[in-house]
């Protein structure tokens, strides 16, 4: 590989945006946070991710990654792009591994009428266990992001993520870090390369140093190939 500095193209999880990656901006590579598009009525996670990939403007080389749903979208986007590797943070290769209760909740919220999108969004925020491991400052930070998330997008994403069949054979190497106390994607349902002890679903915030060290190790190793 040439000596050109790579970019980290990162996709946020449900209810998040580019602010979610503030703890990762201490890494020695620039971060390009993917911005959401308005989902089409019949978009699946795969078709939506294909549109995200088509709208991406970033020079090679780059790494593609994401947190939770964002990691799933990164895997789908890698079908259409040429990343050096895909970086999964508290994520999975299929929506089938999400804890069964939350899959049911996601389906129910996702099939609510469009007119009830704001109600569906509020339900999703109230029920989500994702932030229970956060301290008070981190919780306020995440609540602000969730409050700014478009209700229609949240409603669509709840259904799209739990019905996603997954990517069996990614075109790029995949590196996966996961918390052993993740209540949404239980660690025993996935096969991460690195397990964060005591980590929940928001490890890029709560265990930023360990996550960043892992990402740095994998990126530097990939760059030497």
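Structure summary
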quantity	calculated
Hey, residue 65 surrounded by 24 or more Cβ atoms within 10 Å (Cβ to Cβ) and part of a strand (DSSP E or B) or not	yes
Lone qualifier among 107, 79, 19, 25 - being assigned to a helix (DSSP H, G or I), touching a residue at least 60 places away in the same chain (Cβ under 8 Å) and surrounded by fewer than 16 Cβ atoms within 10 Å (Cβ to Cβ)	19
In the stretch 44-62, residue modelled with the highest pLDDT [restricted to those that are buried (at least 16 other Cβ atoms within 10 Å of the Cβ) and within 23 Å of residue 220 (Cα to Cα)]	62
Yes/no for residue 8 being assigned to a strand (DSSP E or B), in contact (Cβ under 8 Å) with a residue 12 or more places away in the chain and farther than 20 Å from residue 202 by Cβ	no
Residues that are buried (at least 18 other Cβ atoms within 10 Å of the Cβ) and either modelled with pLDDT of 70 or more or on the phi > 0 side of the Ramachandran plot (or both), drawn from the stretch 125-140	133, 134
When residues of the stretch 160-181 are limited to those that are in a loop (DSSP other than H, G, I, E, B) and under 14 Å from the mean Cα position of the chain (by Cα), the one surrounded by the fewest Cβ atoms within 10 Å (Cβ to Cβ)	166
Residue 59 being closer than 14 Å to residue 35 by Cβ and over 16 Å from the mean Cα position of the chain (by Cα)	no
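The values are calculated or read from the model by the stated rules, or taken from the named source; none is laboratory data. This is a predicted model, so every value here is computed, not measured. Ideal geometry is used to build each Cβ from the backbone, glycine not excepted, and the neighbour counts take in all protein chains shown.
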